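Presented below is the structure to which this report refers.
The values are calculated or read from the model by the stated rules, or taken from the named source; none is laboratory data. From a predicted model like this one, the values you see are computed outputs, not experimental measurements. Here the Cβ positions follow ideal geometry from the backbone for every residue, glycine too, while neighbour counts run over all protein chains shown. Only protein heavy atoms, including side chains, enter the accessible area calculation; ligands, DNA and RNA are left aside. Shrake-Rupley method; radii C 1.70, N 1.55, O 1.52, S 1.80 Å.
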Amino acid sequence: MSQRQKFIGWMLMLAVTCIGCQNEEISSVTKEEELSPKLNANKLASEISVNAYVDTSSYINSGFSFLNPSQLDKNRQAIGGSAYTEVYGFNIPEENRVRGIRWNTDDETTSIWRPQGIAGFTKDGVRYLLVSWYAKDDAEFKGSRITLIDISPSSSTYLTYRHILLVQPDVPANVTTYSQYGFYAPLNVHAGGIAYFNGKIYLSSTNLGVRVFDLNKIIEVSTGDTTNDKCGKDTSGNLYAFNYRYILPQIGYQKINDADPFSTIQVNEEGTQLWTGQYYAGSADASIVPQVFGFPIDANGMLQNTGIVAVTPKNSLFTDSHAHGIQGVFRKGNRTWLSCTGSPSNSYGSNARLARYTDGADDTVRYRWPYGAESLYYESQYNYLWSLTEYEPNAGAQNGSQVNRCIFAVDFSKYE
């Protein structure tokens, strides 16, 4: 074979390889990387423990009336159709897309709230999504919230949604940024991930574990639409929640030991475990080995202190093949899907990847994933894998002045 023929053959092989990598990246690690001594820092499942459930609901045992999701007045309209594909860094192959949603203009551009977690459920034949947000900058004192979205095309309130303020019983003293009354106060957590199980929401709390909320205990705040500087129940019995009409009170929590930080949470496909993930940035925390943990959950929604599973996924895009930048997890059988950000390489305008890790493998299988992607939620009835992106314009991120926020679903069969 001539040198020219060899060169043409080499170029053809390179072209085929590049085409094959457009939809997914498949890579492996060397034996030396697999046996990195830094992996000895991993936590064993036997080292992780879950404390007993702590009931914090006594503060709402009297003097409050409760609503469920179907009773809420959803006052905002999301955008359907294919507009979600126009946000910055959206790189999902067209053949893998199945659904998408954009927020209204105020919510996709606000700089004081940022979306993080996603979950969903069906009630009375209506499909809902839940999205968690944390407050930042001038609104940081408002803590966190969830959004309830109707995603049933046949529903009369299709694609309408309502923000709900999350609250808890620990009332702070010496508040200067707003007027704080008694009984309940904002929940100041990152709200990095949420899971839904048997009518309850499980919120990942970075250093604590999980906080629990009952979706049948939503409270309407009569003054919520008219004031923006008060929270709690005053001595006359008036309820305040800044400018929110509804609040969702924390009813309890479970502390998890030696598995923090808890950046995300989700129910496995079998509905038997809650899985959490640890977020560490690949640059600043290159020597740390992030893990994901599975906690058995009983029919009453209590995490169990036995049968805990620890998995150390690998991702050769990062130093020593550590799976850094974990924003979301989903578990099915012996496989874990990870929504990861902060990769040192870009793929179609995004440094995020969806990574599929099989227990015991040397590396993940990676797929294109939108810029700023956060948590994962699997809708089993439709075989949809949902996620969302987080950045507002001019967020100091790569999107610059462009909108990045959307919610989207992919055909999960394309990623198995």
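Tabulated data for the structure shown
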{"item": "From phi via Karplus (6.51, -1.76, 1.60), per-residue ³J(HN,Hα) for region 184-194 in Hz, x at Gly/Pro", "result": "8, 8, x, 9, 8, 10, 6, 6, x, x, 9"}
{"item": "Among 275-284, 43-52, 227-236, the order from most to least packed when residues are scored by Cβ within 10 Å on average", "result": "275-284, 227-236, 43-52"}
{"item": "q = 0.16, 0.20 Å⁻¹: log10 I(q)/I(0) that the Debye formula gives for region 262-370, counting C-alpha atoms only", "result": "-0.66, -0.97"}
{"item": "Of every Cα-Cα pair in the chain, the percent that sits beyond 41 Å", "result": "15 percent"}
{"item": "Added length on full extension, which subtracts the Cα-Cα distance from 0.36 nm per residue, ASN238 to SER154", "result": "26.5 nm"}
{"item": "Within region 306-349, backbone nitrogen closer than 15 Å to the virtual label 7 Å beyond the Cα of SER46 toward Cβ", "result": "306-310"}
{"item": "Average accessible area per residue (Å²) across region 146-208 - probe 1.4 Å, nucleic acids and ligands excluded", "result": "37 Å²"}
{"item": "Per-residue ³J(HN,Hα) for region 401-408, Karplus 6.51 cos²θ - 1.76 cosθ + 1.60, θ = phi - 60°, Hz, x for Gly and Pro", "result": "8, 8, 6, 10, 6, 7, 10, 8"}
{"item": "Cα-projected label distance for PHE66 with ASN334, points at 7 Å along beta-carbon direction, nm", "result": "4.2 nm"}
{"item": "Residue-averaged 222 nm ellipticity for the chain, from DSSP H runs of 4+ at -39500 (n - 2.57), nearest 500", "result": "-2000 deg cm²/dmol"}
{"item": "For region 325-416: accessible area per residue (Å², 1.4 Å)", "result": "29 Å²"}
{"item": "Of ALA173, TYR202, HIS190, farthest towards positive along the dipole that unit charges on Lys, Arg, Asp, Glu beta carbons give region 140-229", "result": "TYR202"}
{"item": "For the chain: relative contact order, % (alpha-carbon pairs under 8 angstrom, 6 or more apart)", "result": "19 percent"}
{"item": "Model label zone, TYR178; criterion: amide N under 16 Å from point 7 Å along Cα-to-beta-carbon; scope region 84-113", "result": "111-113"}
{"item": "Label-point separation, THR105 to ASN305 (7 Å along Cα→Cβ), nm", "result": "5.5 nm"}
{"item": "Relative packing of peptides 254-260, 56-62, 188-194, 338-344 - highest average C-beta neighbours within 10 Å first", "result": "188-194, 338-344, 254-260, 56-62"}
{"item": "Charge dipole (debye, nearest 20) of the chain; +1 at Cβ of Lys and Arg, -1 at Cβ of Asp and Glu", "result": "400 debye"}
{"item": "Spin-label pair ASP137/SER413, simplified geometry with 7 Å Cα→Cβ offset, distance in nm", "result": "4.4 nm"}
{"item": "Nearest-ten-degree value, helix 3-20 long axis tilted from longest Cα axis of the chain", "result": "20 degrees"}
{"item": "Gaussian network model of the chain, springs between alpha carbon atoms under 10 Å - residue of TYR246, TYR348, TYR367 with greatest fluctuation", "result": "TYR348"}
{"item": "For region 76-90, Karplus couplings with θ = phi - 60° (6.51, -1.76, 1.60), whole Hz, Gly/Pro x", "result": "10, 10, 7, 10, x, x, 9, 4, 4, 6, 8, 6, 4, x, 7"}
